[in-house]
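Notes to accompany the following structure.
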Amino acid sequence: MDLEVSPALSIPASELAWRFSRSSGPGGQHVNTSDSRVELSWDLAGSAALSEQQRERLLERLGRRLVGGVLTVTASEQRSQLRNREIARRKLALLIADALAPDAAARRATKRTRGSDRRRLDAKQQRSATKQQRQRPSAD
C-alpha cells in the first residue's frame with residue numbers, strides 16, 4: 001500500500017523497507033515472543049517518487065536524520081505490530097510533509113505605540129512607589 005504524504009506526493013510501497021524487532025516495555029509473557037517494534041526506512045536519495053527540488057529540500061531539511069540517504073522512523077508505542085506499523089507510516093508521512101512545507105513568512109517588526117510606552121512607564125513608577133513604601137523609615 002502506497003504512502004500518501006500529500007495530494008502531490010505518494011511514495012510507492014516498493015520503496016519502503018520494514019524491519020521488526022522485539023519491543024521493550026509492557027506486554028507480559030507475550031512480549032518476549034512477538035516482534036512488535038517497527039522500523040520503517042525510505043531511501044530518500046534514490047527515490048523515484050521525488051522531483052529534484054523536493055529531493056534537495058528534503059536533503060537540506062532532514063540531513064541530520066539521514067544515514068546514507070536513508071530516512072528511518074521507529075514505532076514501539078503499542079503492543080500490536082499492526083498498530084505500530086500504522087504509527088510508523090503516519091510518522092514518516094508527517095516528517096516528509098513538514099520538511100516539504102514552505103517556509104513561514106518572516107515577521108515584520110513594528111514600532112511600539114505611544115500608549116504602550118506610557119503604560120509601561122506608569123507600571124514601572126507604580127512598582128517603584130510600592131517598593132519605596134516597603135523600606136524602613138530613615139533615622140532623621
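When VAL5 is evaluated against the numbered criteria (1) open to solvent by less than 40 Å² (accessible area, probe 1.4 Å); (2) in contact with a Ser or Thr (Cβ under 7 Å, 6 or more places away or on another chain); (3) not in a helix (DSSP H, G or I); (4) not acidic (Asp, Glu), which criterion, by number, is the only one it fails?
Condition (2) is where VAL5 drops out.
Please go through region 89-124 and pick out each residue that is without any contact (Cβ under 8 Å) to a residue 60 or more places away in the chain, surrounded by 10 or more Cβ atoms within 10 Å (Cβ to Cβ), more than 12 Å from the chain's Cα centre (by Cα) and in a helix (DSSP H, G or I).
Those that are without any contact (Cβ under 8 Å) to a residue 60 or more places away in the chain, surrounded by 10 or more Cβ atoms within 10 Å (Cβ to Cβ), more than 12 Å from the chain's Cα centre (by Cα) and in a helix (DSSP H, G or I): ARG90, SER116, ASP117, ARG118, ARG119, ARG120, LEU121, ASP122, ALA123, LYS124.
Of everything in region 102-140, what is among the acidic types (Asp, Glu) and within 30 Å of GLN54 (Cα to Cα)? Give them in sequence order.
Scanning region 102-140 gives a single hit, ASP103.
Tally time: how many residues in region 125-140 are small (Gly, Ala, Ser) and in a loop (DSSP other than H, G, I, E, B)?
Residues flagged as small (Gly, Ala, Ser) and in a loop (DSSP other than H, G, I, E, B) within region 125-140 amount to 2.
Would region 69-87 turn up any residue that is over 18 Å from the mean Cα position of the chain (by Cα), under 18 Å from GLU4 (Cβ atoms) and open to solvent by less than 50 Å² (accessible area, probe 1.4 Å)?
No, region 69-87 contains no residue that is over 18 Å from the mean Cα position of the chain (by Cα), under 18 Å from GLU4 (Cβ atoms) and open to solvent by less than 50 Å² (accessible area, probe 1.4 Å).
Do we have any residue at all in region 50-61 that's touching a residue at least 12 places away in the same chain (Cβ under 8 Å) and either over 30 Å from ASP2 (Cβ atoms) or open to solvent by 100 Å² or more (accessible area, probe 1.4 Å) (or both)?
No, the conditions are met nowhere in region 50-61.
The values are calculated or read from the model by the stated rules, or taken from the named source; none is laboratory data. What you see is a predicted model, and the numbers here were worked out from it, not measured in a lab. Note that each Cβ is placed from the backbone with ideal geometry, even for glycine, and that neighbours are counted across all protein chains shown. SASA here: full protein model, heavy atoms, side chains in, ligands and nucleic acids out. Shrake-Rupley method; radii C 1.70, N 1.55, O 1.52, S 1.80 Å.
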